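The values are calculated or read from the model by the stated rules, or taken from the named source; none is laboratory data. What you see is a predicted model; the values in this text were computed from it and never measured. Neighbour counts are summed over all protein chains in view; Cβ atoms, including those assigned to glycine, are modelled from backbone coordinates with ideal geometry. These accessible areas exclude ligands, DNA and RNA; they are computed on the full protein's heavy atoms, side chains included. Shrake-Rupley method; radii C 1.70, N 1.55, O 1.52, S 1.80 Å.
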Amino acid sequence: LGSAANFRLGFGTVPVAHIAWLGKKTPFCGNVTYGLSTTEALKKRGHQTSFIHFDNPGAPGSSNTSLLAHDPDVSLPYLVKSQVYTIPSPRAQRELRESLKRLQPDVVHASLTLSPLDFRLPELCQPLGIPLVATFHPPFDAGLRNLTAGTQQLSYQLYAPALSRYDRVIVFSDLQADVLNRLGVHETRLAVIPNGVDPERWSPAPSHPASISEELHNVRSRLGDQRIFLYMGRIATEKNVEALLRAWRLVKPAGCRLVIVGDGPLRSTLQNVYGNGIGDLLWWGYEANLNTRIALLQCAEVFVLPSLVEGLSIALLEAMACQCACVATDAGADGEVLAGGAGIVLSTQGVTTQLRTLLPVLRDQPLLTQELGRRARERVMERYRMVSNIDALEELYDTLIAKKALAA
């Protein structure tokens with residue numbers, strides 16, 4: 001498949017492209033969700049995608065092949081891989097170059113993994129004449145209101161010179177684009193394309209009993225009949241889950257249960273301090289099953305995201321699409337997503353104090369949470385649908401491919 005091919009998509013003819021997607025498949029994080037959901041949507045539209053990812057542990061001098069028999073795409077060797085960063089094997093750059101020569105894609109799209117290889121991609125793609133697109137994920141708090149935000153800002157400063165050499169850099173909000181522009185990335189290289197979700201998949205619980213999935217039935221049975229407040233994401237410093245737990249213990253809202261879904265470096269510590277899941281607090285743990293994650297959000301009345309830094313949280317968009325009343329800090333673009341009545345926006349400073357005031361209101365005003373949930377889903381339908389995200393990506397790819405053709 002190449003850029004010259006076309007296919008029919010209802011309202012018109014759209015050029016088909018071969019995209020070499022460079023990203024992560026494991027361990028589970030927002031970057032993984034973004035890569036898998038986007039490539040799945042591109043394939044549904046007829047595009048060819050080759051997924052290049054770090055999935056072959058290696059060591060310097062190792063002769064093991066990076067093309068795993070069970071992997072239809074390309075696996076690059078790595079030394080260290082985590083939810084936050086990746087250290088590639090010394091031979092990963094050479095194998096990536098060879099893979100691109102063999103694949104000959106129309107576009108390389110790198111969902112940046114905070115890896116040293118990110119800085120070498122322009123010099124790999126430019127000699128091959130392949131347009132290079134990046135999606136820049138690192139969370140931020142433009143206000144620099146806390147130490148974590150300052151640390152994340154350093155990653156923006158470090159990456160800005162390299163991003164200036166990419167053909168396009170996708171960010172999730174105008175605020176994020178402004179940060180990079182101030183650091184020297186020209187506005188013509190920046191494209192604001194927000195995260196998107198499929199509102200048909202992420203939707204409120206069905207009202208008809210016959211339509212209830214097995215996963216939803218099982219989740220309801222486990223959660224009981226209490227009203228559910230839910231956090232879903234990594235349990236790490238930047239997510240500020242402890243602020244939520246402190247507020248929950250101070251308020252102890254009657255008839256409500258806080259469910260923590262996810263895993264991370266702080267989980268065992270916080271469980272030891274706040275209890276291992278008795279009564280009004282349940283540590284669900286990491287949930288790999290997509291339908292179960294959907295069911296958890298369908299059972300939740302309120303979704304809380306107390307992060308100190310963010311990009312644009314996919315978990316927040318998923319909760320909004322499932323019609324949860326959403327409470328999030330104004331870190332990254334999350335405040336922008338909820339602004340104007342689609343949810344409740346907190347400051348990243350004093351989260352425990354704010355939640356201590358807010359939790360009793362949400363407990364006592366179920367009509368308020370119902371209305372906030374309705375507005376949240378309405379906002380997703382207006383601005384954050386996956387179909388709009390893919391439309392914008394296709395337009396961006398078309399522009400770069402056409403520019404390449406003119407230059408040939």
Legend entry - Meets criteria (in contact (Cβ under 8 Å) with a residue 12 or more places away in the chain, open to solvent by less than 50 Å² (accessible area, probe 1.4 Å) and assigned to a loop (DSSP other than H, G, I, E, B)) for Ile235: yes
Inset, instruction - Say whether the condition of being open to solvent by less than 20 Å² (accessible area, probe 1.4 Å) and within 23 Å of the chain's Cα centre (by Cα) is met by at least one residue in region 359-368. - result: no
Inset, instruction - Could you tell me which of the residues Ala376, Ala339 is under 23 Å from the mean Cα position of the chain (by Cα) and surrounded by 15 or more Cβ atoms within 10 Å (Cβ to Cβ)? - result: Ala376
Inset, instruction - Please state which one of Arg168, Arg201 is on the phi < 0 side of the Ramachandran plot and either touching a His at 6+ places or on another chain (Cβ under 8 Å) or surrounded by fewer than 16 Cβ atoms within 10 Å (Cβ to Cβ) (or both). - result: Arg201
Inset, instruction - Spot the failing condition for Phe28; the list is (1) closer than 21 Å to Ser313 by Cβ; (2) surrounded by fewer than 19 Cβ atoms within 10 Å (Cβ to Cβ); (3) at pLDDT 90 or above, and only one is missed. - result: (3)
Legend entry - Breaking point among (1) in contact (Cβ under 8 Å) with a residue 40 or more places away in the chain; (2) outside any helix (DSSP H, G or I); (3) at negative phi, for Ala376: (2)
Legend entry - Answer residue from region 39-56, given it is under 12 Å from Ile390 (Cβ atoms) and of a type in the set (Gly, Ala, Ser) and is farthest from the chain's Cα centre (by Cα) among those: Gly46
Legend entry - Leading residue by the ranking (farthest from Leu396 (Cα to Cα)) among those in region 81-115 that are hydroxyl-bearing (Ser, Thr, Tyr) and outside any strand (DSSP E or B): Ser89
Legend entry - Selection count, region 276-303, where residues are of a type in the set (Gly, Ala, Ser) and either surrounded by fewer than 19 Cβ atoms within 10 Å (Cβ to Cβ) or modelled with pLDDT under 95 (or both): 4
Legend entry - Inter-residue pairs, beta-carbon under 8 Å, first more than 30 Å from Pro105 (Cα to Cα) and in region 121-150, second outside any loop (DSSP other than H, G, I, E, B) and modelled with pLDDT under 70, 6+ apart: Phe140/Ala149; Phe140/Gln152; Asp141/Thr148; Asp141/Ala149; Asp141/Gln152; Gly143/Ala149; Leu144/Gly150
Inset, instruction - May I ask you to list the residues in region 2-25 that are assigned to a strand (DSSP E or B), modelled with pLDDT under 95 and surrounded by 13 or more Cβ atoms within 10 Å (Cβ to Cβ)? - result: Val14, Pro15, Gly23
Legend entry - Residue, nearest to Lys403 (Cα to Cα), within region 162-189, restricted to residues that are in a loop (DSSP other than H, G, I, E, B) and among the small types (Gly, Ala, Ser): Ser164
Legend entry - Tally, over region 137-161, of residues that are hydrophobic (A, V, I, L, M, F, W, C), surrounded by 18 or more Cβ atoms within 10 Å (Cβ to Cβ), in a helix (DSSP H, G or I) and modelled with pLDDT under 90: 1
Inset, instruction - Look through Val273, Val241, Val261 and report the one residue that is open to solvent by 30 Å² or more (accessible area, probe 1.4 Å) and touching a Leu at 6+ places or on another chain (Cβ under 9 Å). - result: Val273
Legend entry - Residues of region 167-183 satisfying the condition of being modelled with pLDDT of 95 or more and either of a type outside the set (Val, Ile, Thr) or in contact with a Cys (Cβ under 7 Å, 6 or more places away or on another chain) (or both): Asp167, Arg168
Inset, instruction - Output the residue which, of all residues in region 244-258 that are closer than 19 Å to Gln365 by Cβ and either touching a Ser or Thr at 6+ places or on another chain (Cβ under 6 Å) or not aliphatic (A, V, I, L, M) (or both), is most open to solvent (accessible area, probe 1.4 Å). - result: Lys252
Inset, instruction - Only residues that are open to solvent by less than 40 Å² (accessible area, probe 1.4 Å) and closer than 16 Å to Asn31 by Cα: list them for region 82-116, please. - result: Ser82, Thr86, His109, Ala110, Ser111, Leu112, Thr113, Ser115
Legend entry - Leu308 vs. criteria open to solvent by less than 60 Å² (accessible area, probe 1.4 Å), hydrophobic (A, V, I, L, M, F, W, C), modelled with pLDDT under 95 and closer than 18 Å to Ile260 by Cβ: yes
